[in-house]
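Read through the structure below, which is laid out as structure tokens, and then see the notes.
Derivation of every value follows stated rules applied to the coordinates shown; laboratory data play no part. Since the model is a prediction, treat every value here as computed from it, not as a measurement. All Cβ positions, glycine included, derive from the backbone under ideal geometry; neighbour counts span all protein chains shown.
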Amino acid sequence: DSGVTQTPKHLITATGQRVTLRCSPRSGDLSVYWYQQSLDQGLQFLIQYYNGEERAKGNILERFSAQQFPDLHSELNLSSLELGDSALYFCASSREAGPYNSPLHFGNGTRLTVT
Amino acid sequence: DQQVKQNSPSLSVQEGRISILNCDYTNSMFDYFLWYKKYPAEGPTFLISISSIKDKNEDGRFTVFLNKSAKHLSLHIVPSQPGDSAVYFCAASAKKDSNYQLIWGAGTKLIIKP
């Protein structure tokens, strides 16, 4: 158990809809990262928050947004969903802003299916 | 532009033998490298890391070797066990605009045969 909690585990929705994925980081971790993994692909970095502030941005679409709340949990909002958004979405957390001596710990992901 | 490449999508190794997983990178600014293991239906789990100031790091059955001149790193697992069957990702980090970003390879599926 990594200590990172993601909800829901599975999500099935229709094109054009909006969903919210939630992540609770490990106790004491200040950084939260969001990743997307499409079928048999590598992990695509979406966005990172550190202590409530956006820290780094990857290949995140404009239809997607995220935030980290004062209690450090994070939400990833996906809107105007398309079939191609179907993927596993992982949240990870770490103590520091960077990975040096502060490895990322991943949740078990949310599997999003857009029909 | 794939900055981190794992050219072998899969690898099959006999139980008890050595497993060698390879990773190549193109960005000479990468200064920290990590290996993660992923089981189906679970998130990746951190295995081992290495700083660019070292060429080897060992943790139990796992050893990571870094060859900076060749921009190549490898993960050795000795001896291989059935529980090692998983997808292995390598990742590399570089500082960018005072932030750090991890770039991930596409993964190698390791199958340990009994």
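When the range A:68-101 is filtered for residues that are of a type in the set (Gly, Ala, Ser) and either surrounded by fewer than 16 Cβ atoms within 10 Å (Cβ to Cβ) or out of contact with any strand residue (DSSP E or B) (no Cβ under 8 Å at 6 or more places or on another chain) (or both), the ones remaining, listed by number, are A:Ser79, A:Ser80, A:Gly84.
Please enumerate the residues belonging to the range B:79-98 that are surrounded by 14 or more Cβ atoms within 10 Å (Cβ to Cβ) and either without any contact (Cβ under 8 Å) to a residue 60 or more places away in the chain or hydrophobic (A, V, I, L, M, F, W, C) (or both).
Taking the range B:79-98 as the starting set, the residues that turn out to be surrounded by 14 or more Cβ atoms within 10 Å (Cβ to Cβ) are B:79-80, B:84-95.
B:Ser85, B:Ala86, B:Val87, B:Phe89, B:Cys90, B:Ala91, B:Ala92, B:Ala94 - these are the residues of the range B:79-98 that are surrounded by 14 or more Cβ atoms within 10 Å (Cβ to Cβ) and either without any contact (Cβ under 8 Å) to a residue 60 or more places away in the chain or hydrophobic (A, V, I, L, M, F, W, C) (or both).
Entry remark, the range B:41-70: residues being assigned to a loop (DSSP other than H, G, I, E, B), touching a strand residue (DSSP E or B) at 6+ places or on another chain (Cβ under 7 Å) and closer than 21 Å to A:Leu43 by Cβ number 2 in total. Selection within the range B:41-56: residues that are among the charged types (D, E, K, R) and under 29 Å from B:Lys113 (Cα atoms). The member of this set that is surrounded by the fewest Cβ atoms within 10 Å (Cβ to Cβ) is B:Lys56.
Once the range A:55-64 is narrowed to residues that are in a strand (DSSP E or B) and not small (Gly, Ala, Ser), the residue that is surrounded by the fewest Cβ atoms within 10 Å (Cβ to Cβ) is A:Lys57.
Can we say A:Leu39 is crowded, with 16+ Cβ neighbours inside 10 Å and either away from chain B (no Cβ under 11 Å) or more than 23 Å from A:Val114 (Cβ to Cβ) (or both)? Let's see the steps before the verdict.
Numbers: crowded, with 16+ Cβ neighbours inside 10 Å: no; either away from chain B (no Cβ under 11 Å) or more than 23 Å from A:Val114 (Cβ to Cβ) (or both): yes.
Against the criterion (crowded, with 16+ Cβ neighbours inside 10 Å and either away from chain B (no Cβ under 11 Å) or more than 23 Å from A:Val114 (Cβ to Cβ) (or both)), A:Leu39 does not qualify.
Restricting the first member to the range B:38-52 and to residues that are farther than 15 Å from A:Ser38 by Cα, and the second to residues that are of a type in the set (Lys, Arg) and surrounded by 17 or more Cβ atoms within 10 Å (Cβ to Cβ), the beta-carbon pairs closer than 9 Å and six or more apart or on different chains are B:Thr45/B:Lys37; B:Thr45/B:Lys38; B:Phe46/B:Lys37; B:Leu47/B:Lys37. Among the listed residues B:Gly83, B:Gly43, identify the single one that is among the small types (Gly, Ala, Ser) and within 9 Å of chain A (Cβ to nearest Cβ). Answer to the selection: B:Gly43. Scanning the range A:65-107 for residues that are within 9 Å of chain B (Cβ to nearest Cβ), within 11 Å of the chain's Cα centre (by Cα) and in a loop (DSSP other than H, G, I, E, B) yields one hit, A:Gly107.
Hey, could you check the range B:9-40 for residues that are assigned to a loop (DSSP other than H, G, I, E, B) and out of contact with any Lys or Arg (no Cβ under 9 Å at 6 or more places or on another chain) and say which is surrounded by the fewest Cβ atoms within 10 Å (Cβ to Cβ)? Steps first, answer last, please.
The initial filter retains those residues of the range B:9-40 that are assigned to a loop (DSSP other than H, G, I, E, B), namely B:9, B:15-18, B:26-31, B:39-40.
Narrowing further to those that are out of contact with any Lys or Arg (no Cβ under 9 Å at 6 or more places or on another chain): B:16-18, B:39-40.
Details: B:Gly16: 11, B:Arg17: 13, B:Ile18: 13, B:Tyr39: 13, B:Pro40: 6.
By that ranking, first place goes to B:Pro40.
Within the option set A:Leu39, A:Leu11, A:Leu46, A:Leu21, being in a loop (DSSP other than H, G, I, E, B) and aliphatic (A, V, I, L, M) holds for one residue only, A:Leu39. Would you mind stating whether A:Phe69 is touching a residue at least 12 places away in the same chain (Cβ under 8 Å), among the aromatic types (Phe, Trp, Tyr), in contact with an Asp or Glu (Cβ under 8 Å, 6 or more places away or on another chain) and closer than 15 Å to A:Arg22 by Cβ? Against the criterion (touching a residue at least 12 places away in the same chain (Cβ under 8 Å), among the aromatic types (Phe, Trp, Tyr), in contact with an Asp or Glu (Cβ under 8 Å, 6 or more places away or on another chain) and closer than 15 Å to A:Arg22 by Cβ), A:Phe69 qualifies.
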